[in-house]
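Inspection log for the structure reproduced underneath, given as structure tokens.
The values are calculated or read from the model by the stated rules, or taken from the named source; none is laboratory data. Source: prediction; values computed, not measured. Cβ placement follows ideal geometry from the backbone for every residue including glycine, while neighbour counts extend to all protein chains displayed.
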Amino acid sequence: MTIHAVGEAMVGRVSRAGAVAQLEEIYRATHERLVLAAYTLTGDLGEAQDCVQEAFVRAVSRPAKVLSASSPEAWLRTVSLNIARSRFRRRHRMDILLRRIPPPPQQIPDAGPEWLAVLAAVRRLPAAQAEAIALHYLADLPIDEIARTLNAPVGTIKARLSRGRATLAAILTDVELDEEQSS
């Protein structure tokens, strides 16, 4: 009997709800360790959490495969790290492609040096802050609409805007100091 057949028989004996309950227990017992493992690979907590969440989604879609594994935690760790690697490769390829195709200058409104410095600084922000800053200041959306768009509480959007502004001020001040020193 193959491992797959054993897993199918196992799920046949244990109801789908029972399998999901076992996966919930595995989640509670292993989630933090799995996120830590993914974090060491990604360097980004949010990305690591997404990878582990995706691994658990895959586990729920095939509970027999996970529950029949000799170590469900090892199966989940392998899947989450493979997801992290795939995302890294995809992002790396996209970055390379985006660097090859610069936007034509006429597509950037008010493309003066100050505007370009602000855009470059926004790109250096964490993704959540950059989204909030871009939607509020560049797309001119009100905070409540940004909250609906990003599916986040209004208070979270306000915090992202506040932190983003503080980080932008520091980045732009550093740029100005660098320009003064090079003059």
Report summary line: Residues of the stretch 137-165 being at pLDDT below 90, assigned to a helix (DSSP H, G or I) and out of contact with any helix residue (DSSP H, G or I) (no Cβ under 6 Å at 6 or more places or on another chain), in sequence order, are Tyr137, Leu138, Glu145, Arg148, Thr149, Leu150
**Report entry** Selection within the stretch 108-133 - outside any loop (DSSP other than H, G, I, E, B) and under 20 Å from Gly46 (Cα atoms)
**Finding:** Val122, Arg123, Ala127, Ala128, Gln129, Ala130, Glu131, Ala132, Ile133
Report task. Can you run down the residue pairs with Cβ atoms below 6 Å, 6 or more apart or on separate chains, where the first is in the stretch 31-54 and of a type in the set (S, T, N, Q) and the partner is crowded, with 17+ Cβ neighbours inside 10 Å? Result -> Thr42/Ala48; Thr42/Ala84; Gln49/Val35
Report task. Identify all residues within the stretch 55-88 that are assigned to a helix (DSSP H, G or I), farther than 27 Å from Pro126 by Cα and in contact (Cβ under 8 Å) with a residue 24 or more places away in the chain; write none if there are none. Result -> Ala59, Val60, Pro63, Ala64, Lys65, Val66, Leu67, Pro72, Glu73, Leu76
Report summary line: Pairing a residue in the stretch 120-146 that is on the phi < 0 side of the Ramachandran plot with any residue that is among the hydroxyl-bearing types (Ser, Thr, Tyr), where Cβ atoms lie under 7 Å and the two sit 6 or more apart in sequence or on different chains, gives Leu125/Thr167; Gln129/Thr167; Leu135/Thr149
Query raised in the report: In this structure, is Leu41 under 12 Å from Leu81 (Cβ atoms), at pLDDT below 85 and surrounded by fewer than 19 Cβ atoms within 10 Å (Cβ to Cβ)?
Result: yes
